[in-house]
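Encoded as structure tokens, the structure appears first; notes follow it.
Where a number appears in this text, it was derived from the coordinates with a stated rule and is not lab data. Nothing here was measured: the structure is a model prediction, and the numbers come from that model. Every residue, glycine among them, receives a Cβ derived from its backbone with ideal geometry; neighbour counts consider all protein chains shown.
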Amino acid sequence: MCDLHGFRFQETEESYTSKASFLDGDSLPLYGQKPEGWKASGRRVERGLYRSANGLIVNADLNGSANI
């Protein structure tokens, strides 16, 4: 279906997608293979809100889905 409509399909897992900051370009380690010392640049400040390293606040679901 993707080829038919001109979309590129790429399968990925969802590990760390909610924790890592898309806006800061954080890497997404595979589940069980998180490098020692890996830490997300931003963090969830409250339900539904995510703050990037530079202080930009975005919807937490938006951050997670952008990482996927």
Worksheet item: Among all residue pairs at least 6 apart or on different chains, which show Cβ distances below 8 Å where the first residue, located in the stretch 48-68, is in a strand (DSSP E or B) and the second is of a type in the set (D, E, K, R)?
Response: 50/43; 50/44; 51/43; 51/44; 57/51
Item to complete: Could you please let me know if residue 68 is within 11 Å of the chain's Cα centre (by Cα) and among the hydrophobic types (A, V, I, L, M, F, W, C)?
Response: yes
Practice prompt. Run down 45, 58 and say which single residue is surrounded by fewer than 13 Cβ atoms within 10 Å (Cβ to Cβ) and in contact with a strand residue (DSSP E or B) (Cβ under 9 Å, 6 or more places away or on another chain).
Written response: 45
Item to complete: With respect to residue 20, determine if the residue is surrounded by 11 or more Cβ atoms within 10 Å (Cβ to Cβ), touching a Leu at 6+ places or on another chain (Cβ under 9 Å) and assigned to a helix (DSSP H, G or I).
Response: no
